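Everything below concerns the one structure shown next.
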Amino acid sequence: MDTAALKNFATRARADLRKEVGGRIDVVLASNSLARVESAAAVQALETAIAQDGREAVVERVAYTWFNRIIALRFMDANGYTPSAVVSPGVGKTTGQPEVLAEVKAGTFDHAIVPERTRERIVALLSGTLHSADPQGEAYGLLLEAYCRHWNKAMPFMFEREGDYTELLIPAALLAEDSVRDQAVRALTEEACQEVEVIGWLYQFYISERKDEVFAGFKKNKKAGAAEIPAATQLFTPHWIVRYLVENSLGRLWLLNHPESRLAGQMDYYIAPVDEETDFLKIDRPEDLKLVDPAVGSGHMLTYAFDLLYAIYEEQGYAPSEIPGLIIEHNLHGIEIDPRAGSLAAFALTMKAAARRKLFLKNPVQPHILVLENVHFDQGDLDYLWSLAKGISVARADFDEFWTTFEHADTFGSLIQPNETILPLLKPVAEVPEARHTYLGQMVSTVLAQAEQLSQRYAVVVANPPYMGSKQMNALLSQFMKDEYPEVKQDLYGA
């Protein structure tokens with residue numbers, strides 16, 4: 001794999017996409033923009049996001065989102081998972097217009113994907129009956145929207161919902177030579193796309209400049225907050241290290257329980273125990289090998305664990321057609337604080353399943369990748385929830401503390417330890433009619449779902465943990481470490 005070409009592409013793509021998304025924001029938010037008429041709700045959502053998070057944060061987030069989608073579609077094109085190539089030219093070509101646009105110009109639409117209204121607008125643009133400064137570019141933008149909405153059904157973690165403001169900020173000039181789309185096709189060769197590991201390398205390279213910015217800030221005594229922690233701590237783990245870790249945890253546990261297995265012959269980095277082991281978790285079925293990576297990043301640990309689990313299921317006589325779904329449903333879990341990394345991890349697992357069974361994408365099982373969200377309840381919210389919690393034998397202080405557990409989830413991540421003893425007692429609150437179908441009900445559901453996953457027990461935990469010394473922690477994280485992990489407060493990895 002040519003990692004130098006991937007790095008050049010990813011770092012340049014970040015700069016190009018940030019510039020293009022910033023330009024699109026200016027166009028969309030102009031007082032007389034067409035978007036204000038045709039997509040008023042999305043424009044309002046964009047304005048709200050900018051007011052809350054700042055323009056630069058929105059530019060970074062949307063640029064990252066489109067980078068993920070473009071590389072995802074390129075990977076799918078290269079592996080034949082898309083009916084017609086969405087960002088790539090036709091089979092065997094490395095330059096030229098995307099296949100979907102070429103087909104449309106020849107009069108062919110996929111009616112199951114492109115809705116009638118969109119088809120009519122594209123035809124009008126290409127025929128000249130609808131004026132545009134860039135008719136082909138605008139037509140391709142509409143096609144890209146339609147295909148992203150189509151793939152939302154199978155992969156909602158990667159592709160947008162209809163009406164999301166990211167649709168308004170599709171990078172311009174995607175048909176141009178040397179555009180981000182064109183670069184993606186050339187850097188992500190068909191050979192590179194044979195291994196889903198390429199997704200992790202691209203993620204690592206995309207954030208490399210941001211990582212440099214954060215570390216430069218550390219030298220000036222700046223501290224890492226929620227916005228800096230992902231770039232400061234995420235590192236793509238080389239494949240041999242991943243194999244070593246997974247084979248000597250997941251693989252070892254299976255072999256201890258099933259000494260008759262021939263799995264060791266496939267594990268090049270496995271180190272057999274010198275002495276006989278008797279104290280280990282008893283596992284009967286492959287489905288019971290529940291594994292979690294609590295700092296999942298782009299999912300490299302899980303994608304190799306998928307391969308090892310596939311071999312285990314196969315050895316146990318399961319049908320090849322059912323194995324991918326069983327692995328995603330029962331075995332693999334990941335926790336992350338960076339939404340875009342979480343999206344890539346879920347995508348990587350979906351691609352592993354599709355590689356084993358192409359029909360998997362017709363009715364996919366959603367990966368268990370939890371991206372932790374901040375949830376803030378003000379005192380009025382807590383008082384209202386308390387009024388709904390009639391008959392629950394929980395002290396008010398414990399009650400309030402539980403609901404505020406995830407107030408800084410994007411900083412503390414999977415180090416958060418929810419109160420497991422009262423979790424079952426508080427689940428009924430989500431079912432109270434007054435708390436459902438409201439913003440408050442959504443917050444309650446989010447807290448319960450996140451607490452549930454962080455309270456689960458797993459057969460195997462595998463991670464390359466985030467490394468950050470106490471000197472780089474902001475006051476909030478530093479105090480959390482002192483309170484919750486005093487013995488290892490000097491570095492995140494120990495916690």
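Surface composition of the range 49-181: carbon plus sulfur atoms contribute 51% of the solvent-accessible area (1.4 Å probe, protein chains only, all chains present).
Peptides 11-18, 178-185, 346-353 ranked from most to least packed by the mean count of surrounding Cβ atoms within 10 Å: 346-353, 178-185, 11-18.
Among beta bridges from DSSP that stay inside the chain, the antiparallel ones total about 10%.
Once the 1.4 Å probe is applied to the protein heavy atoms, the range 286-340 comes out at 26 Å² accessible per residue.
Given Lys19/Lys223; Lys7/Lys220; Lys223/Lys489; Lys153/Lys362, which pairs have Cα atoms separated by over 21 Å? Over 21 Å Cα-Cα: Lys19/Lys223; Lys7/Lys220. With all protein chains kept in place, the per residue accessible area of the range 110-247 amounts to 47 square angstrom at a probe of 1.4 angstrom.
Based on the convex hull around the alpha carbon atoms, the range 51-148 presents an average projected area of 7.9 nm².
Within the range 146-229, the ratio Rg/Rh, alpha carbon atoms throughout and Rh by Kirkwood, equals 1.06. In units of the rule-of-thumb radius 2.2 N^0.38 Å, the range 389-495 shows an alpha carbon radius of gyration of 1.23. D by Stokes-Einstein for the range 315-363, Kirkwood Rh over Cα pairs, 4 °C, 1.567 mPa s: 110 µm²/s. When each of the peptides 198-208, 77-87 is scored by how many other beta carbons lie within 10 Å of its residues on average, the order from highest to lowest is 198-208, 77-87. Counting pairs of Cα atoms in the chain, how many percent are more than 44 Å apart? Across the chain, Cα pairs with separations above 44 Å total 18 percent. The range 384-420 and the range 14-40 have Cα centres lying 40 Å from one another.
In the chain, a dipole from Cβ-located charges (positive for Lys and Arg, negative for Asp and Glu) runs towards its positive end, and of Ser414, Ile312, Ile70 it is Ile70 whose Cα lies farthest in that direction.
For the range 295-336, the relative contact order is 62 percent, taking Cα pairs closer than 8 Å that sit 6 or more residues apart in sequence and dividing their mean separation by the residue count. Remark: spin-label model distance Gln366-Ala227 equals 3.0 nm, labels positioned 7 Å along the Cα→Cβ axis.
Stretching Arg121 away from Glu47 to a fully extended chain increases their span by 24.0 nm, per 0.36 nm per residue minus the current alpha-carbon distance.
Among the DSSP helices (H) of the chain, those spanning at least 15 angstrom by Cα along their long axis with an average Kyte-Doolittle hydropathy of 0.0 or more are 40-53, 55-78, 300-315, 339-356, 439-455; this is a geometric and hydropathy rule only. Computed on the range 1-102, with alpha-carbon pairs under 8 angstrom and 6+ residues apart, the relative contact order is 18 percent. Under a 5 Å amide H cut-off, with hydrogens placed 1.01 Å from N, Lys290 pairs with Ala459, Val460 among residues at least 5 apart or on other chains.
Label 7 Å along Cα→Cβ of Thr438; the range 382-421 residues with amide nitrogen under 19 Å? Within reach of a label on Thr438: 382-392, 400, 403-404. Annotation: Cα Rg of the range 235-353 relative to the compact-globule expectation 2.2 N^0.38 Å equals 1.06. Note on Ala15 and Glu38: the model spin-label points, each 7 Å out from Cα along the C-beta direction, lie 3.2 nm apart.
Calculated mean residue ellipticity at 222 nm for the chain: -15000 deg cm²/dmol, from DSSP H runs with n ≥ 4 weighted as -39500 (n - 2.57), summed, divided by the residue count and rounded to 500.
Per-peptide packing, taken as the mean over residues of other Cβ atoms within 10 Å, places 356-362, 151-157 in the sequence 151-157, 356-362 from highest down. Here each label is just a point 7 Å from Cα along the line to Cβ, and for Asp307 and Tyr493 those points are 2.4 nm apart.
Given R0 = 45 Å, the distance between the Cβ atoms of Tyr384 and Glu56 translates into a calculated FRET efficiency of 0.80. Ranking Leu349, Ser132, Thr166 by Cα position along the charge dipole of the chain, where only Lys, Arg, Asp and Glu carry charges on their C-beta atoms, puts Ser132 farthest toward the positive end.
Under a 5 Å amide H cut-off, with hydrogens placed 1.01 Å from N, Ile369 pairs with Gly334 among residues at least 5 apart or on other chains.
Taking every C-alpha pair closer than 8 Å and separated by at least 6 residues, the mean separation divided by the residue count of the chain gives a relative contact order of 14 percent.
Charge dipole (Cα centre; +1 on Lys/Arg Cβ, -1 on Asp/Glu Cβ; no other charges) of the chain amounts to roughly 880 debye.
Using the Karplus relation 6.51 cos²θ - 1.76 cosθ + 1.60 with θ = phi - 60°, the per-residue 3J(HN,Hα) values for the range 323-328 come to 5, x, x, 5, 5, 5 Hz, with x marking Gly and Pro. Kirkwood analysis of the range 250-313, using all unique Cα-Cα pairs, places the hydrodynamic radius at 12.9 Å. Legend: P(r) of the range 153-298 from all alpha carbon pair distances, 5 Å bins from 0, whole percents, reading 1, 7, 10, 11, 14, 14, 12, 11, 8, 6, 3, 1, 0.
The values are calculated or read from the model by the stated rules, or taken from the named source; none is laboratory data. Computed from a prediction, not measured in an experiment: that's the story for all the values here. Quick reminder, even Gly has a Cβ in these numbers, built from the backbone with ideal geometry, and neighbours come from all protein chains shown. Just the protein is used for accessible areas: all its heavy atoms, side chains included, with ligands, DNA and RNA removed. Shrake-Rupley method; radii C 1.70, N 1.55, O 1.52, S 1.80 Å.
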